[in-house]
């Protein structure tokens with residue numbers, strides 16, 4: 001197992017974390033105008049089409065070898081379908097900040113599962129890095145005064161299910177990497193993963209374009225191109241260059257970025273707990289990189 005830290009991998013990881021972090025307050029804004037499955041599914045389908053057109057224009061083959069299809073579909077379900085569907089509905093029961101914090105316990109599950117499934121040694125340095133990152137998330141959770149009421153239990157369980165599913169998908173990509181160009185792998189995974197979510201939105205939600213404001217359209221455009229076309233491609237690139245536990249720990253920056261952007265754009269609270277979360281999380285990521 002190659003555990004070397006790649007500078008380009010860290011750069012891709014940073015772009016991913018910023019792209020996904022900014023997406024949380026944007027998604028919260030969109031869900032006030034459009035239902036969750038439709039908002040998540042159709043932006044993903046549009047993003048997949050945009051990536052396919054980009055690949056075609058650059059002369060990148062979209063062909064998938066026969067022996068890659070099974071792992072491509074499994075990866076799409078775990079990394080995209082499950083995540084898109086459950087996180088969209090989790091936000092019906094919990095706030096955006098609560099959903100982000102619960103969702104990004106994903107690095108804990110990834111690092112723990114990578115030990116028996118990938119043989120990535122769980123060193124004390126990495127354990128401390130995980131503890132720091134998770135302490136940052138707990139601080140963030142406390143700062144937003146998450147309620148443990150029964151009414152929020154479905155959202156908590158949905159977010160946890162999405163986190164564990166994404167962790168398994170991350171490990172699968174590392175254990176059986178797709179032998180495809182980055183744009184091709186991303187286009188197919190996002191397209192396969194989001195198509196059933198979009199279809200379910202049409203059947204159960206019946207979205208109407210007339211309910212979207214100009215801000216809503218702009219937010220959907222970001223979810224399409226920022227979240228899918230840029231952040232997902234960078235995530236798959238980071239996984240090719242970094243140990244899976246390091247990549248997972250790096251994503252703990254996402255909820256912190258989400259809270260900071262929400263404070264500016266949506267005027268949500270930004271107090272000592274949020275600042276402590278930022279310092280602990282960044283410290284954990286730095287320590288993990290040095291390990």
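The values are calculated or read from the model by the stated rules, or taken from the named source; none is laboratory data. A quick note: this is a predicted structure, and the numbers were derived from the prediction, not measured. Cβ: placed from backbone, ideal geometry, glycine included. Neighbour counts: every protein chain shown.
Can you tell me which residues in the stretch 54-75 are surrounded by 12 or more Cβ atoms within 10 Å (Cβ to Cβ) and free of Cβ contacts under 8 Å to residues at least 12 places away in the same chain? Answer for the stretch 54-75, where residues must be surrounded by 12 or more Cβ atoms within 10 Å (Cβ to Cβ) and free of Cβ contacts under 8 Å to residues at least 12 places away in the same chain: 56, 69.
Restricting attention to the stretch 179-194, does a residue exist that is in contact with a helix residue (DSSP H, G or I) (Cβ under 8 Å, 6 or more places away or on another chain), at pLDDT below 85 and outside any loop (DSSP other than H, G, I, E, B)? Yes.
Are any of the residues in the stretch 197-212 assigned to a helix (DSSP H, G or I), over 15 Å from the mean Cα position of the chain (by Cα), under 30 Å from residue 116 (Cα atoms) and free of Cβ contacts under 8 Å to residues at least 40 places away in the same chain?
Checked against the condition, which is being assigned to a helix (DSSP H, G or I), over 15 Å from the mean Cα position of the chain (by Cα), under 30 Å from residue 116 (Cα atoms) and free of Cβ contacts under 8 Å to residues at least 40 places away in the same chain, the stretch 197-212 yields no hits at all.
When the residues of the stretch 267-283 are filtered to those that are at pLDDT 80 or above and in contact with a helix residue (DSSP H, G or I) (Cβ under 6 Å, 6 or more places away or on another chain), the one that is surrounded by the most Cβ atoms within 10 Å (Cβ to Cβ) is 280. State which residue is surrounded by the fewest Cβ atoms within 10 Å (Cβ to Cβ) when the search covers only the stretch 126-149 and only residues that are farther than 30 Å from residue 93 by Cα and at pLDDT 80 or above. Here the answer is 127.
Can you find a residue in the stretch 96-117 that is at pLDDT 90 or above, touching a helix residue (DSSP H, G or I) at 6+ places or on another chain (Cβ under 9 Å) and buried (at least 22 other Cβ atoms within 10 Å of the Cβ)? Taking every residue of the stretch 96-117 in turn, none turns out to be at pLDDT 90 or above, touching a helix residue (DSSP H, G or I) at 6+ places or on another chain (Cβ under 9 Å) and buried (at least 22 other Cβ atoms within 10 Å of the Cβ).
Residues that are under 26 Å from residue 243 (Cα atoms) and surrounded by fewer than 24 Cβ atoms within 10 Å (Cβ to Cβ) were ranked within the stretch 150-162; the one that is modelled with the lowest pLDDT is 160.
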